Amino acid sequence: DVALGPVMVLHVDGSYRKTNDLRTGGFVYAPGLRADLLADAAIEAEEGHDEEAAELTEAAGLRGRIPNSATETYTAGVGLGVVTDKLSFGFSAGVYDTRYGVPARPGAEHAHGEEEEAEAEGEAHGEESVSIDMRQVRGDFRGSWMPQGSVIDAVNLRIGYANYTHTEFEGEEVGTVFNSDGWEGRLELKQATRGGWRGVTGGQFVSRNFEAIGAEAFVPANDLKSFGLFTLQEVTMGKLSLEGSVRYDHAAYVTATLSRDFDTVSGAFGIAYEFAPFLKAGINVSHSERSPTAEELFSNGPHIATSAFEIGNPNLATEKSNGVEVYLRGGTGPFHISAAAYHSDFSNYIYEVPTGEEEDGLPVYEYRQGGARYTGFEVDFGWIFFERDGVKLEAHGVADYVRADLKGNNGDVPRIPPLRLLGGVDAHVGDFRAGAEVEWANDQNRIAEYETATDGYTVVNLSLGWKFLGDDKESLIILSADNIFDVEARRHASFTKDFVPMAGRDIRLGVHLSF
């Protein structure tokens, strides 16, 4: 960031990162997949196909690195801004470019029309590694006018344009190309505070054109036009505060053969009471409506990123939910806490679920709709339990859990994370700091039909830092070790958890400088 004068600032940023295949703790494939591979190996051996049996057995025992998971990414951005007492505005442009491998589900094959014809003629079809080359170029304008009048305190405007290209390669050959370009904008009018009443009113729009070219174009070309209007109002009366919000959205999708329009209205109301300067409790009730996405409506084909054959439903209706949340937030001196519990009741809930069938060697997933219920809680806290003579010890923790089921005895909502607990201790001694953190996740056995269970895990992370130019300088050398015991861990919410586990032991040394 460089000042070009009393009111003008130039910003430049960039980054580069390159990795080889991701290293993981334990087996690459989950127990269910390993059992399937070994069963297939036994069948091949019985039929006298010793080479195929050996390959399947080797795959079942794969450990260490996840095949075809290397990445290379760079970013670059530039921005120019003008800041005065009542007016600020700026322009920025940036590029994000990445090439990364897509780990394949064991046994998955990407069947195309031409390949099927070749196989029919007796030609062998070799499996190629799939990689993705993704590039986004974006431009943005942001401006703020602060008249600081009796009615309007500020007017904020944001407009952005993005062009996105996503190319799937099979080996060195181009498979499918996804192109998207669009505009978005948002205008906000911030009200001047009057008698404890403040608020924001505004609108936003999105215009996006999408097309996919190639044999695995699982979503047809479509245009999206949407706009929304909203207001958020808050009134404070001593220790009592009231909040209310309303939002209206219109979304229109158009394809070559189909068009769908959706109008949604959402709203929320909250009341909070400050029992003391350090303790606040409240309750929020809400009604939310969401229109389906293009993927949920129009998908029909292999989605390489999730290694699934996805089937949308063009007849999906607007998703609706009614919810309530109660919370407690507070802190005094060395201690702070935030806790919330919530319940949401959905009608026309949209979810993606495996069907147990296969297409093109991939498991078939369908978008479906029905009633659902979510109930859960979140808690986080921090506590400085020792501070003396330049030494500070601080503990922190997080707990979260959600139970989600489909109404009508239709089982559980798929890909819901299990109970998670995370706790750690940080020590500050002069210019040095050290930390230890443990994350524990429970087994997840509450699963949808044809979904696989996920074993729990315990991951331990350690770090050591040194502010080598002094504690008051933005300089830091940090040595960190994540998953230090190299455990095998999988996120249940991931589509690819059974063949793309979390990273194993990760030790890195970093230097941060600011001047």
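The values are calculated or read from the model by the stated rules, or taken from the named source; none is laboratory data. Keep in mind the model is a prediction, meaning the values are calculated, not measured. Cβ coordinates were reconstructed from backbone atoms using ideal geometry, including for glycine residues, and neighbour counts include every protein chain displayed. Keep in mind that these areas ignore ligands, DNA and RNA; they rest on the heavy atoms of the full protein, side chains included. Shrake-Rupley method; radii C 1.70, N 1.55, O 1.52, S 1.80 Å.
Test of understanding: among Phe169, Phe210, Phe269, Phe262, which residue is at pLDDT below 95, among the aromatic types (Phe, Trp, Tyr) and either touching a Leu at 6+ places or on another chain (Cβ under 9 Å) or in a strand (DSSP E or B) (or both)?
Matching residue, one of Phe169, Phe210, Phe269, Phe262: Phe169.
Please state which one of Glu47, Glu51, Glu72 is among the charged types (D, E, K, R) and surrounded by 12 or more Cβ atoms within 10 Å (Cβ to Cβ).
The match here is Glu72.
Quick one: in segment 75-89, which of the residues that are in contact (Cβ under 8 Å) with a residue 60 or more places away in the chain and open to solvent by less than 40 Å² (accessible area, probe 1.4 Å) is nearest to Glu172 (Cα to Cα)?
Only one residue fits best here, namely Thr75.
(1) touching a residue at least 24 places away in the same chain (Cβ under 8 Å); (2) surrounded by fewer than 17 Cβ atoms within 10 Å (Cβ to Cβ); (3) in a strand (DSSP E or B): which one isn't true of Val246, the others all being true?
Checking Val246 against (1) touching a residue at least 24 places away in the same chain (Cβ under 8 Å); (2) surrounded by fewer than 17 Cβ atoms within 10 Å (Cβ to Cβ); (3) in a strand (DSSP E or B), the one that fails is (1).
For segment 373-466, which strands (runs of 3 or more DSSP E) that fit wholly inside it have 1 or more residues that are free of Cβ contacts under 8 Å to residues at least 12 places away in the same chain, surrounded by fewer than 15 Cβ atoms within 10 Å (Cβ to Cβ) and among the polar types (S, T, N, Q)?
none
Taking the condition of being hydroxyl-bearing (Ser, Thr, Tyr), under 19 Å from Gly301 (Cβ atoms) and either surrounded by 16 or more Cβ atoms within 10 Å (Cβ to Cβ) or in contact with a Lys or Arg (Cβ under 8 Å, 6 or more places away or on another chain) (or both), how many residues in segment 341-372 meet it?
2
Yes or no: Ser226 part of a strand (DSSP E or B), out of contact with any Phe, Trp or Tyr (no Cβ under 6 Å at 6 or more places or on another chain) and modelled with pLDDT of 95 or more?
yes
Taking segment 312-340 on its own, how many of its residues are open to solvent by 50 Å² or more (accessible area, probe 1.4 Å) and in a strand (DSSP E or B)?
Going through segment 312-340 one residue at a time, the tally reaches 11.
Go through segment 467-496 and count every residue that is under 28 Å from Ser307 (Cα atoms) and part of a loop (DSSP other than H, G, I, E, B).
Number of matching residues: 12.
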